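The next block holds one structure in the form of structure tokens; read it before the comments.
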Amino acid sequence: MKEQIQIFDTTLRDGEQVPGCKLNTHQKLEIATELQRLGVDVIEAGFPVSSPGDFEAVNTIAKEIRGTTICGLTRAVEGDIDVAAKALKPSDNPRIHTGIGTSDHHVYAKLRSTQDEIVERARKAVKYARNYVAEVEFYAEDAGRTDNEYLARVVEAAIDSGATVINIPDTTGYCLPEQYGQKIAYLMNNVPNIDKAILSTHCHNDLGLATANSIAGITAGAKQIECTINGIGERAGNTSLEEVVMIMHQHQHIQFETNIETTLLTPISKIIELEMNMPVQRNKAIVGENAFAHSSGIHQDGVIKNRETYEIIDPKQVGADDSQIILTARSGRAALNYRAAKMNVKLTKEKLEVAYQRFLTVADRYNQVDDNQLMNLLNGI
């Protein structure tokens, strides 16, 4: 039996922290509605104390979205927690996400504190939040660079104080997959009360390893992945929701599943791209414009004969159009014949050869040959 992995979407919180991605309340509610349709388990709707607008957005989503956990972020500060609890009050499944930095960089340089004081602040914040809600998630900021023994001590204290989910963020995207997986495994094996909470991954992409680290985390025992649509987020971004979901979908042997309706991945990607003014790079995995496009003659010939020769995902699985055969100077006769047939033009072997020679002349002058150019070169053959 497959293990269920919870998908915690932070597009509306961590994703919105990207410069130029500010959303209004109406936009946030629309996106939250789409995230619920997609099947995410938790929507982190914002950081309520950060601004009146963020409070309003979290409060509106908490009122309107039923059946999905709605989460609000706080620091380990009572005032933050009070405001988050007020914003989340209308929700039928509220969660307060509170925490504090635990690495030496945070404890000593940022917070000007001590390790013992951080443990106590963590305890107090979790206990205080539990006065408001049954679900409290604790984050150990910069856990990726935190000593494992000390991290285990903080985690144990947070769970003992009532935390139901423990977030292990690789805040700076520092860890290698092996290191991050070992960190999760260490906590699973060295925190005495770990059975009373679930571990969550929250990985950043500074070294391009957010997706790999998240998968390493769940294979080591984490049961929740924190991620964003299109991988948007601070600096180089967060773990990409569509990537981790499709990895679990394709690699059946790792025995994980989610509640995500994969056919909605491409549509919601386009919504986020438009609403947050964040263009998706063409070669982005799963949802990029080139994800199912082929221009090399060898690849095109293979895909035309059998899609699985060069595609491990059926485009329809993720709500994309069919595989695209793009005509370029690298395309061969098979691709030309395929595209001609799509335009209801049947070519004999002899006519195909004439068309192909004409095609090469045109293709050398343009990045790609479109339908109009193709029809023009086919005329009279």
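The values are calculated or read from the model by the stated rules, or taken from the named source; none is laboratory data. As the structure is a prediction and not an experimental result, all values here were calculated from the model. Glycine gets a Cβ as well: all are built from the backbone with ideal geometry, and neighbour counts include every protein chain shown.
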Quick check on segment 46-83: of everything there that is without any contact (Cβ under 8 Å) to a residue 60 or more places away in the chain and touching a His at 6+ places or on another chain (Cβ under 8 Å), which residue is surrounded by the fewest Cβ atoms within 10 Å (Cβ to Cβ)?
Thr74
Those residues of segment 221-245 which are farther than 21 Å from Lys22 by Cα and touching a Phe, Trp or Tyr at 6+ places or on another chain (Cβ under 8 Å) amount to Gln224, Ile225
Of the residues that make up segment 5-14, is at least one within 29 Å of Thr263 (Cβ to Cβ), out of contact with any helix residue (DSSP H, G or I) (no Cβ under 6 Å at 6 or more places or on another chain), buried (at least 19 other Cβ atoms within 10 Å of the Cβ) and hydrophobic (A, V, I, L, M, F, W, C)?
yes
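Residue by residue, here is whether (1) assigned to a strand (DSSP E or B); (2) modelled with pLDDT under 95; (3) not small (Gly, Ala, Ser); (4) not assigned by TED's automatic domain parsing to the domain that holds Cys175 holds:
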site: Ile70; (1), (2), (3), (4): yes, no, yes, no
site: Asp82; (1), (2), (3), (4): no, no, yes, no
site: Lys86; (1), (2), (3), (4): no, no, yes, no
site: Ser113; (1), (2), (3), (4): no, no, no, no
site: Glu120; (1), (2), (3), (4): no, no, yes, no
site: Ala129; (1), (2), (3), (4): no, no, no, no
site: Val136; (1), (2), (3), (4): yes, no, yes, no
site: Tyr139; (1), (2), (3), (4): yes, no, yes, no
Within segment 245-256, does at least one residue satisfy the condition of being out of contact with any Cys (no Cβ under 7 Å at 6 or more places or on another chain), crowded, with 22+ Cβ neighbours inside 10 Å and either farther than 26 Å from Glu44 by Cβ or basic (Lys, Arg) (or both)?
no
When you go through (1) without any contact (Cβ under 8 Å) to a residue 12 or more places away in the chain; (2) among the hydroxyl-bearing types (Ser, Thr, Tyr); (3) not in a helix (DSSP H, G or I) one by one for Tyr108, which number turns out not to apply?
(3)
Of the listed residues (Ala341, Ala334), the one being of a type outside the set (Asp, Glu), free of Cβ contacts under 8 Å to residues at least 12 places away in the same chain, on the phi < 0 side of the Ramachandran plot and not in a loop (DSSP other than H, G, I, E, B) is Ala341
If you go through segment 180-230 one residue at a time, how many are under 14 Å from the mean Cα position of the chain (by Cα), part of a helix (DSSP H, G or I) and within 19 Å of Phe256 (Cβ to Cβ)?
6
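Which of the following residues is part of a loop (DSSP other than H, G, I, E, B) and in contact with a strand residue (DSSP E or B) (Cβ under 9 Å, 6 or more places away or on another chain): Arg95, Arg75? Steps first, answer last, please.
Values: Arg95 fails: part of a loop (DSSP other than H, G, I, E, B).
Result: Arg75 is the single residue among Arg95, Arg75 that is part of a loop (DSSP other than H, G, I, E, B) and in contact with a strand residue (DSSP E or B) (Cβ under 9 Å, 6 or more places away or on another chain).
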Which numbered condition trips up Arg13, out of (1) touching a residue at least 60 places away in the same chain (Cβ under 8 Å); (2) among the basic types (Lys, Arg); (3) not in a loop (DSSP other than H, G, I, E, B)?
(3)
Boolean, Val77 is assigned by TED's automatic domain parsing to the domain that holds Thr25, over 24 Å from the mean Cα position of the chain (by Cα) and farther than 16 Å from Thr171 by Cα:
yes
